[in-house]
Structure formats: C-alpha cells, structure tokens
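So the structure is just underneath, and the comments pick up after that.
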Amino acid sequence: MHYLFNSDKGEIFYLKSLNDLSNLDISKLLWLFNDKKLMDEKVLNGDFLGPRKEMITPWSTNAVEITQNMGIEGVLRIEKFYTYQEDTSFDHLLNQKYTVLDENTLNIDKKPEPIQYIDDIDGYNASEGLALSSEEIEYLRQLSKKLNRKLTDSEIFGFSQVNSEHCRHKIFNGVFILDGEEQELSLFQLIRKTSNVNHNRIVSAYSDNVAFIEGPEIKQFTISRPDLPTSFYEKKIKTVISLKAETHNFPTTVEPFNGAATGTGGEIRDRMAGGKGSFPLTGSAVYMTSFTRLEKDRPWEQFSNRRKWLYHDPVELLIKASNGASDFGNKFGQPLINGSVLTFEYFTPDKKYGYDKVI
C-alpha cells in the first residue's frame with residue numbers, strides 16, 4: 001500500500017506500508033506531517049524529483065522510527081518528493097527524476113547478479129581497483145588451492161576490505177628498514193611514545209577509539225533522582241574530556257554532504273561509547289582540497305587550467321562537506337566551533353600533485 005501527502009509548497013511525502021492504515025493512524029500522520037494533506041489520488045503524473053528508490057534516505061529511517069514510536073504499525077518507508085523545475089540542480093548519485101508517483105515508485109525489482117568464480121585474481125584486482133598487493137594475491141591463490149575451488153567475487157572483494165590499510169594499519173604497524181637498518185619502532189609505536197614520555201593529564205590513550213584527559217572541576221546542573229519526577233540542583237563533579245580525530249576522506253570525496261556528516265557521526269559515536277559514556281560538546285573541522293580558483297588575484301592558482309573532476313570540484317566539495325559536518329553535529333547538540341582550510345596543488349613536468357581526494 002502507498003499513501004501520498006502534499007502541501008502548498010510543492011512537497012510530497014510518499015508513504016509505503018505493509019497494509020491499510022486505520023483512520024487513527026492517518027490522523028496521527030497528519031499531525032506528524034504538520035501542513036500536509038492526504039491526497040485522494042493514488043497516481044500522480046508530472047515531473048518530480050526524489051531519492052533513488054534503491055537508496056533509503058537517513059531522513060526516511062528517522063521518519064519510520066518516529067511512526068513506530070507513535071504506535072503506527074506497518075510503515076516501511078517515507079520519502080520526500082518535490083515538483084521538478086527545469087533549472088533545478090540535484091545530485092545524480094542520490095536523486096533522480098520521476099514522471100509518475102504510483103504504487104510501484106519505490107518498488108525495487110532488481111535481482112542479485114549471479115555469483116562469479118574468479119579465474120584470474122590478479123586481473124580481477126586490477127579491473128575492480130582493489131589495490132591488493134602481490135603478497136595478498138599470492139595468499140588468495142594459495143587459499144584457493146587449499147579449498148580446492150575458485151574464490152568468488154564477493155570473497156575477494158570482502159578480503160580486500162577487511163584486510164585493507166584502513167582496517168589493518170599494515171603500514172603503521174609494519175617494520176621499517178631505512179638505509180639497510182631495521183628501525184626500533186613502528187610508526188604507531190612512535191606516535192604512542194609521545195604519551196608514554198609526556199603523560200601529563202592523560203587518563204587513557206590508545207586503549208579505545210577515543211582518548212581521555214583530565215578536565216576541570218565544574219558545577220553540573222542535574223536531577224536529584226533519575227527514576228522519578230524530582231527537583232534540580234547543582235553538584236560539583238570532576239570532569240574527564242574525550243578527544244577524537246576522525247578522517248573521512250574518500251566518502252567525503254565521493255558524496256561530500258553525507259560523507260562529512262557520517263565523519264562527524266563516527267567521531268561522536270566513538271566519544272560517547274568510550275569509558276562509561278559521555279556527551280558531545282563541540283567539534284572542529286579541517287579540510288584540505290586542491291585549488292578552488294575562486295579569486296582571480298591568486299597568481300599561484302593560475303599556473304594551470306581548471307581540471308575536470310571525477311566526483312566534485314573543490315568549491316562544491318567544501319560547501320557541501322561543511323554543511324554535512326555541521327548538520328550531523330547539530331542533531332546531537334555538537335556545534336562546529338572552529339576549523340581550517342588548506343588548498344594545494346603542485347605540477348612538475350612529469351607529475352601533478354594535489355588534494356584531489358579531499359582530506
């Protein structure tokens with residue numbers, strides 16, 4: 001079943017449910033959707049802009065959860081659609097144009113592709129951009145022999161993810177040999193050595209996905225009893241401050257708003273999950289991109305022509321990423337209070353250097 005709710009602003013809510021909704025459920029939804037009205041029509045023809053049906057939006061996930069908390073059963077998905085104008089710009093990765101809204105609009109009729117058994121692991125690595133090393137490819141070959149069968153595409157792809165530098169930190173934990181001499185410490189050990197030598201106010205470091213330092217004594221405005229309606233009072237508490245740095249480089253490069261938003265989310269998640277739990281206070285954001293070429297009085301940006309970007313140009317990336325990081329933080333009461341931007345490119349006769357993948 002599906003229901004359409006519209007407003008005078010050209011916005012349409014498309015609700016998909018398992019079964020018919022009762023009059024009580026409809027009245028709850030009208031209250032929830034505020035200015036929306038339930039449409040009598042089940043089919044709308046025209047030009048509309050909405051999310052790709054294969055991608056459930058975070059907004060829909062939140063909206064469905066709200067309906068569940070209101071006692072409305074059977075709601076599967078709620079998505080926002082807009083009347084499309086010819087001059088409307090939109091992100092083709094996330095949204096698409098529709099000419100009709102009906103019962104099949106959000107139906108996903110794609111079937112999984114058949115499993116592929118890979119003959120040439122080296123070739124598959126190159127064609128799919130898995131960045132497997134020669135040692136990893138040889139390991140997979142030996143594993144295939146041990147299992148007495150070819151490995152599947154999903155197995156090789158899965159291995160490339162779980163054994164990636166992002167997950168394993170093979171370089172940071174690796175043995176370094178400089179000028180033929182093996183170094184005493186790995187990169188990670190060098191980083192950790194700073195806190196061992198200068199412990200200062202560190203409470204905890206490198207034992208969780210967040211670090212803690214001693215904070216000041218403050219007055220906390222709190223309740224007398226957490227389990228009953230009760231009065232508030234002030235009490236002195238000794239604080240511990242959580243510190244977390246989160247990088248979300250490639251996701252932000254591909255989809256700036258949500259990539260940066262989930263970067264903020266990962267940082268908040270790790271700090272709230274550390275120790276006995278905490279609450280977010282403030283955040284900071286740092287961006288490093290290639291040249292924006294916004295101003296003509298920057299001669300260092302004019303030595304080369306504007307390039308064609310695989311995903312997003314630096315200006316679009318900075319605007320959307322900044323909005324995304326702030327948006328997610330605001331939902332948890334964590335504003336971004338400072339940050340920095342660095343742009344860099346350097347060309348030689350043989351190579352081009354730049355932050356094409358945003359940092």
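Values quoted throughout were computed directly from the atomic coordinates according to the rules given, and no laboratory measurement underlies them. Just so it is clear, the structure is predicted and the values come from calculations on it, not from any experiment. Quick reminder, even Gly has a Cβ in these numbers, built from the backbone with ideal geometry, and neighbours come from all protein chains shown.
Here are the numbers:
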{"read-out": "Rounded FRET efficiency, nearest 0.05, which uses the C-beta distance separating THR230 from GLN68 and R0 of 22 Å", "value": "0.15"}
{"read-out": "Size of charge dipole - the stretch 246-359 - debye, nearest 20, with Cβ of Lys, Arg +1 and Asp, Glu -1, no other charges", "value": "80 debye"}
{"read-out": "Extension reserve of the TYR353-ASN104 stretch, reckoned as 0.36 nm per residue once the Cα distance is removed", "value": "84.9 nm"}
{"read-out": "Gyration tensor verdict on the stretch 199-243 (Cα atoms; rounded if a/c is under 1.5, prolate if a/b is larger than b/c, oblate otherwise)", "value": "oblate"}
{"read-out": "C-alpha center-to-center spacing [the stretch 126-150, the stretch 162-216] in angstrom", "value": "30 Å"}
{"read-out": "Karplus-derived HN-Hα couplings along the stretch 275-280 (A = 6.51, B = -1.76, C = 1.60, θ = phi - 60°), whole Hz, x at Gly and Pro", "value": "x, 8, x, 8, 10, x"}
{"read-out": "Options GLY158, ASN148, SER186, ranked by Cα towards positive dipole end of the stretch 140-195, top entry (Cβ charges)", "value": "ASN148"}
{"read-out": "Sequence-distant residues sharing a close amide H with GLU11 (under 5 Å, placed H)", "value": "none"}
{"read-out": "Debye log10 I(q)/I(0) at q = 0.13, 0.19 Å⁻¹ for the stretch 223-272, Cα point scatterers", "value": "-0.55, -0.70"}
{"read-out": "Residue list for the stretch 17-61, given a label point 7 angstrom along the Cα-to-Cβ vector of LEU94 and an amide N cut-off under 14 Å", "value": "50-53, 55-61"}
{"read-out": "Difference of contour (0.36 nm per residue) and Cα-Cα distance, ASN34 to GLU214", "value": "60.2 nm"}
{"read-out": "Quotient of Cα Rg and 2.2 N^0.38 Å for the stretch 229-359, N being how many residues it contains", "value": "1.36"}
{"read-out": "Separation of alpha-carbon centers, the stretch 276-300 and the stretch 50-88, rounded to whole Å", "value": "31 Å"}
{"read-out": "Gained length - THR83 relative to ASP270, 0.36 nm times residue gap less alpha-carbon distance", "value": "63.4 nm"}
{"read-out": "Over the chain: Kirkwood hydrodynamic radius from C-alpha pairwise inverse distances, Å", "value": "25.8 Å"}
{"read-out": "Calculated FRET efficiency for the pair ARG149/LEU24, C-beta based, R₀ 56 Å, to 0.05", "value": "0.50"}
{"read-out": "Long pairs among LYS296/LYS351; LYS244/LYS320; LYS16/LYS331; LYS28/LYS80; LYS80/LYS110; LYS193/LYS244, criterion Cα-Cα beyond 20 Å", "value": "LYS296/LYS351; LYS244/LYS320; LYS16/LYS331; LYS80/LYS110"}
